[in-house]
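I have placed the structure first, in the form of structure tokens, so that the comments after it can refer back to it.
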Amino acid sequence: MPDASDQLRWINLSSLAVVILAHTDPAHVRRLVRALNGVPVVLHCDAKTDDDTYRAMLDRRLIPTHRIATSLGSWSLVDAELTALATALRETSASHVAILSGSDYPLLPPKKIEAGLVLGESAIWNIPLPHDKWNTRLHHDGGLWRVRYRFWTRADNIVFLRGVPLRWPWPRRIPTGVDLRAGTQWKIYSRRHAEALLNVVAERPQLIRFWRSTLVPEETFAVSILASEALVGPDVLPTNTNQPWFMLWPDGDHPRWLTAGDFERLRDAATRQTPKLFARKFATAAAGPLLDRIDAELLDGVLPT
């Protein structure tokens, strides 16, 4: 846990706080925390992660939060994010909160990331649904099926049979006043948007019940709530096609792991007119030399120990 002087410094000086959602690779998590030097970091470690791995992630610069057992594509991931987001708002006075995975890494020094954020504005890729890239072989509705059907869940996790998510066969109504958006789990909230989201969570339990049985709610819940004037008032989240994260997407549903051969692309992404702020995905075993170059050439040299 941070000591009182650390906490006071964060409250007075840091305009950015970071939430890390992690479940493995403690060496990379600790390196990520060091790269975020001077920034308050809230750690959510999956409750399914064994205690030795969790303890290996801990660092005096971290603020640990309540651990939830999470599963891909399920409400449990949203629950973990909301829990950690509330901790970040409570423990810091940051004007922005970034949501990172434990396999992310910054491409700019923290002060440059902070300088590029606009007070009161979130940096979240989001566009209206339907979204053509969310079409699948069986579903050509731009991803609407993810929310229009009620999926089977157990303990806030989607139930799969042979890799197929189970659902009821008939569609249902979207809650009144909701402006559906496609988004991403990795995002940078403005404080006002984070507070508005948590207020809706507290005041609209029927929306939580609805989204608990949707598929991949981490990519639709927060952005849809914040885009809906009926829920948050006129200060809605605008459409944004700029993704602050660098990712490489081969064929498939997940970005690929980055290696040393990707450095030039990362450097280009970090130095363009509208730079990428973070990148994913990195693993200690494969990305050590790449991370060393990022530290030396993009993050202004040697990091604190």
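Some observations on this one:
- Every condition in (1) within 20 Å of the chain's Cα centre (by Cα); (2) more than 19 Å from Gln185 (Cβ to Cβ); (3) not in a loop (DSSP other than H, G, I, E, B) is met by Pro275 except one, and the failing one is (3).
- Checking Arg148 against (1) at pLDDT below 95; (2) among the charged types (D, E, K, R); (3) crowded, with 16+ Cβ neighbours inside 10 Å, the condition it does not meet: (1)
- Test result for Glu264, of a type in the set (Asp, Glu), surrounded by 12 or more Cβ atoms within 10 Å (Cβ to Cβ) and part of a helix (DSSP H, G or I): no
- Scanning region 231-245 for residues that are of a type outside the set (S, T, N, Q) and open to solvent by 40 Å² or more (accessible area, probe 1.4 Å) turns up Pro234, Asp235, Val236, Pro238.
- Among residues of region 101-121 that are closer than 23 Å to Lys281 by Cβ, those with a beta-carbon under 6 Å from a residue that is aromatic (Phe, Trp, Tyr) at least six positions away or on a different chain give the pairs Ser103/Phe282; Asp104/Phe278; Tyr105/Phe282; Pro106/Phe278.
- Applying the set (1) of a type outside the set (Lys, Arg); (2) within 30 Å of Val147 (Cα to Cα); (3) outside any loop (DSSP other than H, G, I, E, B) to Pro234 leaves exactly one unmet item: (3).
- Residues in region 7-45 that are out of contact with any Asp or Glu (no Cβ under 9 Å at 6 or more places or on another chain), more than 24 Å from Gly288 (Cβ to Cβ) and either at pLDDT 95 or above or among the polar types (S, T, N, Q) (or both): Asn12 only.
- Taking region 176-199 as the range and being among the aliphatic types (A, V, I, L, M) and open to solvent by 10 Å² or more (accessible area, probe 1.4 Å) as the test, the residues that pass are Val178, Leu180, Ala196, Leu198.
- Check on Leu89, open to solvent by less than 30 Å² (accessible area, probe 1.4 Å), in contact with an Asp or Glu (Cβ under 9 Å, 6 or more places away or on another chain), over 25 Å from Ala283 (Cα atoms) and not in a loop (DSSP other than H, G, I, E, B): yes
- Residue check, Gly143 part of a loop (DSSP other than H, G, I, E, B), open to solvent by less than 30 Å² (accessible area, probe 1.4 Å) and in contact with a Pro (Cβ under 9 Å, 6 or more places away or on another chain): yes
- Test: residue in region 158-166 that is open to solvent by 40 Å² or more (accessible area, probe 1.4 Å) and either aromatic (Phe, Trp, Tyr) or touching a residue at least 12 places away in the same chain (Cβ under 8 Å) (or both): yes
- Answer from Ser71, Ser122, Ser95 - the residue that is under 22 Å from Asn199 (Cβ atoms), out of contact with any Phe, Trp or Tyr (no Cβ under 8 Å at 6 or more places or on another chain) and open to solvent by 20 Å² or more (accessible area, probe 1.4 Å): Ser95
- One residue from Leu248, Leu258 being closer than 24 Å to Gln273 by Cα, more than 16 Å from the chain's Cα centre (by Cα) and surrounded by 15 or more Cβ atoms within 10 Å (Cβ to Cβ): Leu258
- Restricting attention to region 247-261, the residues that are small (Gly, Ala, Ser) and either assigned to a strand (DSSP E or B) or out of contact with any helix residue (DSSP H, G or I) (no Cβ under 6 Å at 6 or more places or on another chain) (or both) add up to 2.
- Top-ranked residue in region 103-145 [being within 30 Å of Ser213 (Cβ to Cβ) and in contact with an Asp or Glu (Cβ under 8 Å, 6 or more places away or on another chain); ranked as modelled with the lowest pLDDT]: Asn135
- Scanning region 50-68 for residues that are assigned to a helix (DSSP H, G or I), open to solvent by 50 Å² or more (accessible area, probe 1.4 Å) and under 23 Å from Leu36 (Cα atoms) yields a total of 1.
- Residues satisfying the stated conditions in region 92-116, i.e. in a helix (DSSP H, G or I) and among the small types (Gly, Ala, Ser): Ala115, Gly116
The values are calculated or read from the model by the stated rules, or taken from the named source; none is laboratory data. Predicted, not measured: the structure shown is a model, and the values here were computed from it. Positions of Cβ are backbone-derived with ideal geometry, glycine not excepted, and every protein chain shown enters the neighbour counts. The area values use the complete protein model at the heavy-atom level, side chains included, leaving out ligands, DNA and RNA. Shrake-Rupley method; radii C 1.70, N 1.55, O 1.52, S 1.80 Å.
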